[in-house]
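Taken together, the values in this text are just the output of simple stated rules run on the coordinates, not laboratory data. No experiment lies behind these values; they were computed from the predicted model shown. Heads up, the Cβs are rebuilt from the backbone with ideal geometry, glycines too, and the neighbour counts pull from every protein chain shown.
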Amino acid sequence: MQRPITKFSLITALALSLVACSQIETVVKEEKTTEKYISMPIAESAFIKKYEYNKNKYLFIYDEEKRPYIKDVDNRLPSALLDYIYEESKKNNLSYELMMALAKVESDFNTQLVSTTSDYGLFQLHAPTAKAIADEMGIKTYNLKDSKTNVRFSIHYLKQLRDYWRDQGVDEEDMFALTVISYNRGISGTKSYLKHRNIDDNTYLKRVREWKQKYEESVVES
């Protein structure tokens, strides 16, 4: 027997439909939220500062507008240069804190440092390496003591090293370590080193990791 439609039943049905619509809207919003992330298959936040893990993908969640404030760093280098490093790092999917750790270990933030082995500037870029990078980029004249040039060349080189080890199919957690060691020793030097030593025994890698972690822990969002 069909029940008569009452005012109460109509109100109940309407209320249930509104709840259902609300749930659907929530799901849609959640799905749209994930779309703003760029999938980034890199382990342990090695090259990017923060990540979330979802369906076997690491997600890039850098704040696109703000450069992290790190007291030890911001007291040593001009804001304009730090902004430039941050933007170049972001463009190449490299951690800003990693770049700061490299600058600390390589030159202690001395933009004019020149070593006895012809390594120049903030990131102590080796002169022959810089020449090869300049040739690749089609640059004929450059000054490695110019901070922005030093940053641009160094980030290009670091990205190149990272991509090389990624193409070798190494474990993602090792990719970070091999990239950092290669920045110090070169690819051939790193391969020779690994014939007799373990990756995690490398002193240079330990120092970079230590400073990177310190900077990540001391970040103050500006």
query: For segment 102-113, does any single residue satisfy the condition of being charged (D, E, K, R) and without any contact (Cβ under 8 Å) to a residue 12 or more places away in the chain?
result: yes
query: Looking at this structure, is T190 more than 24 Å from I85 (Cβ to Cβ) and buried (at least 21 other Cβ atoms within 10 Å of the Cβ)?
result: yes
query: Counting only residues that are surrounded by 18 or more Cβ atoms within 10 Å (Cβ to Cβ) and over 13 Å from F176 (Cα atoms), which one in segment 203-215 is nearest to the chain's Cα centre (by Cα)?
result: Y215
- prompt: From the list Y142, Y164, which residue is among the hydroxyl-bearing types (S, T, Y), assigned to a loop (DSSP other than H, G, I, E, B), more than 19 Å from F109 (Cα to Cα) and free of Cβ contacts under 8 Å to residues at least 60 places away in the same chain?
  reply: Y142
query: Can you pull out the residues in segment 192-202 that are in a helix (DSSP H, G or I) and more than 12 Å from A177 (Cα to Cα)?
result: S192, Y193
